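Undergrad: Here it is, the structure, as structure tokens.
The values are calculated or read from the model by the stated rules, or taken from the named source; none is laboratory data. The structure presented is a predicted model; accordingly, all values stated were derived computationally and were not measured. Note: ideal-geometry Cβ built from the backbone for every residue, glycine included; neighbour counts use all protein chains shown.
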Amino acid sequence: MRSVPNPADTARHEAPVVVVGGGPVGMLAAYELSRLDIPCLLAEQNQDTTKWPKMDLTNCRSMEILRMMGIADEMRTQKGAVGGKYRFDTLFYTSCGPTGKLLTSWPLPSSDEWRSTIATVNDGSQPAEPAQRCSQVVFEAWLKRKCLAEPLIDGHFGWKYLTHVEDGNGVESTFVDMNGQTHTVRSKYLIGADGGGSLVRATAGIRIVTSVLPVALYLVHFRSRDLAERRPFGRFWHMLPPFGGFIVDQDENEVFTVHMQLDSVDADVSTIDPYEWVYKCFGGAGEPYRFVIDEIIVSSAWRPNFAIADRYISEGGHVVLVGDACHRNPPHGGYGMNSGLEDALAVAWRLSALTKGYGGPHLLQSYEDEQRPTMIRRLERCNRHVMEHFPRYQWYAEKGPELLIAETQEGAQFRKQIADFLDVSGSECTDRGIELDSRYKSGVIFQDLCATAEPEWDFKRYTPSTYPGARAPHLFLKDGKTSILDLFGKEWTLISFVTGGRGHDSAVFADAAAATKMPLKIVLIEGEEHAHKIWGENHVLVRADGHVAWRGSEIPNRHGAEKILVVVAGKEIFEGYVPEPRREPNIQGMKVDTSHADGGSVKHMTQF
């Protein structure tokens, strides 16, 4: 990258890729590009990382992604990340006061407990990594340090994106820095990671369909040593009062966040006392529960909403959206940032292939074809989680707080009614099918020519399979420590299970890849019968995102190998590929968003 002075006092820059937005998704995209030896310019309008406690769960799939990048362990050790011994329990209570009761709980194991399960249940059904509780405040600050330390990332915090112009050869983007200096950057590709009110999306002319829920919440992010010592019902990840809202223990130390529903979406939040707001939420159906609050860190109103962009790629094919710029959802289930991290990885390896010259014209369209339907499924599942709680809110509104805390038979029956309902509903964070079993469908997946049928899909359960498009299953090899995922190369990996030392046929793929300068790592695995049985085929071609691009019982001849690589690299569409019918999320109220067409956000509302 180089910078050339301009007579018009506009600084000019060049980079293969520009990333607009320095949140977790944009920074991870930049970091992965650098890991793949692709220079990029990262621009973020804010000089500092977020102080808002948006995300607090990096799920098991995201932790796998970080493991494949070699940074999962480092992330877990960051100051403020929750230690592995603490559980993920969600508690439901009547009140935190002296007469308050615990209605029920959704118990979930700690990261350490889950890791023990992963070690002992080595049947392909488990992720390689357990989830990690970590506030976005901590996560972003860590990623910023890593990005600024990378020589291939030209990081500019304090650069505000203004506009871009796309032509047949790439994109010219315009920014202004904190000193008023204008910068233009010429790049081949532009990644829009600039959040829910994305100006990149608006400038690219990409529509978005939304459904804004008819509720608003007010959050208070605070620090309290007193609460940390009291913990009325013991340690928790989330606590939920009987009315709408939730409480998050952000670090198992002394930082917490209260989200409580406002009386109306138009409520005047300027009159809210954040201290009393916290006390009211913890008080639940009883009197406000008071304790010493050492610091109010931030507070704001926000509205939960669903949204998905009509397209993920601009018409010109040089601008691509990731994360909240192309999809948004309430925090229920933890699908937001975690889906964004998958977007970042999916875009980075494709842009690497295109920049290095071995990728074809169908690669970026395959990103939209794979990720958009996957996100629609997640939006619909998140909507289920949101709507699931409304009956108990209605019961509470009809029967009142007095009955919920009453020491009478009727009060006990009411509490049991709610507890039974919640026990049947179950935790929002156990959808392993959603998290681990994304089965991509696109023209760059070499469709299965094997006899094995595609496994049945389930929201709750991950079925290990190397069916093309599926995530390649994690398994520990015989040493009990090495995950098969640890053998993957940075971009493409051919896993070949061999017997009797036979594996030389894999060189056919190596020769075909070398002819097109496609980076391919050949991994020959012998004597691992268990892993071979779970993976099901002798030879499996795995992409940089850990998903299967092709599999077969035999290595094809040179012509066959070249045909496979031509498809998976996006130079040709798989013959016979039929795109899935295009659809929008089945969520009430979804419509084209016009209020955000200029990239703005709902007035006075923080977007989550």
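Undergrad: Restricting to strands (runs of 3 or more DSSP E) lying wholly in the range 158-240: which have 1 or more residues that are more than 30 Å from GLU254 (Cβ to Cβ), out of contact with any Cys (no Cβ under 9 Å at 6 or more places or on another chain) and not polar (S, T, N, Q)?
TA: 160-167, 170-176, 182-192, 208-212
Undergrad: Going residue by residue through the range 400-416, is there one that turns out to be touching a strand residue (DSSP E or B) at 6+ places or on another chain (Cβ under 8 Å) and part of a helix (DSSP H, G or I)?
TA: Scanning the range 400-416 turns up at least one residue that is touching a strand residue (DSSP E or B) at 6+ places or on another chain (Cβ under 8 Å) and part of a helix (DSSP H, G or I).
Undergrad: For the range 543-555, what are the residues that are closer than 28 Å to LEU354 by Cα and part of a loop (DSSP other than H, G, I, E, B)?
TA: Passing the criteria: ARG543, ALA544, ASP545, GLY546, ILE555.
Undergrad: Further, regarding this structure: So which of LEU190, LEU199 is closer than 29 Å to GLN365 by Cβ and in contact with a Phe, Trp or Tyr (Cβ under 8 Å, 6 or more places away or on another chain)?
TA: Criteria check complete, one pass: LEU199.
Undergrad: State all residues of the range 420-462 that are in contact with a helix residue (DSSP H, G or I) (Cβ under 8 Å, 6 or more places away or on another chain) and among the aliphatic types (A, V, I, L, M); if no residue qualifies, say none.
TA: Passing the criteria: LEU422, ILE434, LEU436, VAL444, ILE445.
Undergrad: Taking the range 392-415 on its own, how many of its residues are under 37 Å from the mean Cα position of the chain (by Cα), surrounded by 13 or more Cβ atoms within 10 Å (Cβ to Cβ) and free of Cβ contacts under 8 Å to residues at least 40 places away in the same chain?
TA: Number satisfying all stated conditions: 1.
Undergrad: Moving on. Is it fair to say TRP114 is under 19 Å from THR430 (Cβ atoms), in contact with a strand residue (DSSP E or B) (Cβ under 7 Å, 6 or more places away or on another chain) and not assigned by TED's automatic domain parsing to the domain that holds SER34?
TA: No: the conditions fail for TRP114.
Undergrad: Taking the condition at pLDDT 95 or above and within 22 Å of the chain's Cα centre (by Cα), does ARG384 pass?
TA: Against the criterion (at pLDDT 95 or above and within 22 Å of the chain's Cα centre (by Cα)), ARG384 does not qualify.
Undergrad: Need at least 3 residues that are without any contact (Cβ under 8 Å) to a residue 40 or more places away in the chain and surrounded by fewer than 19 Cβ atoms within 10 Å (Cβ to Cβ) per element, so show me which strands (runs of 3 or more DSSP E) inside the range 439-542 make the cut, counting only ones lying wholly within it.
TA: Ranges flagged: 520-526.
Undergrad: Which count do you get for residues in the range 568-594 that are surrounded by fewer than 17 Cβ atoms within 10 Å (Cβ to Cβ), under 30 Å from TYR358 (Cα atoms) and among the small types (Gly, Ala, Ser)?
TA: Residues flagged as surrounded by fewer than 17 Cβ atoms within 10 Å (Cβ to Cβ), under 30 Å from TYR358 (Cα atoms) and among the small types (Gly, Ala, Ser) within the range 568-594 amount to 1.
Undergrad: What are the residues in the range 98-156 that are among the aromatic types (Phe, Trp, Tyr), farther than 21 Å from LEU485 by Cβ and either within 22 Å of the chain's Cα centre (by Cα) or at pLDDT below 95 (or both), if any?
TA: PHE139, TRP142
Undergrad: Can you tell me which residue among ASP324, ASP310 is surrounded by fewer than 21 Cβ atoms within 10 Å (Cβ to Cβ) and under 16 Å from GLY195 (Cα atoms)?
TA: Criteria check complete, one pass: ASP310.
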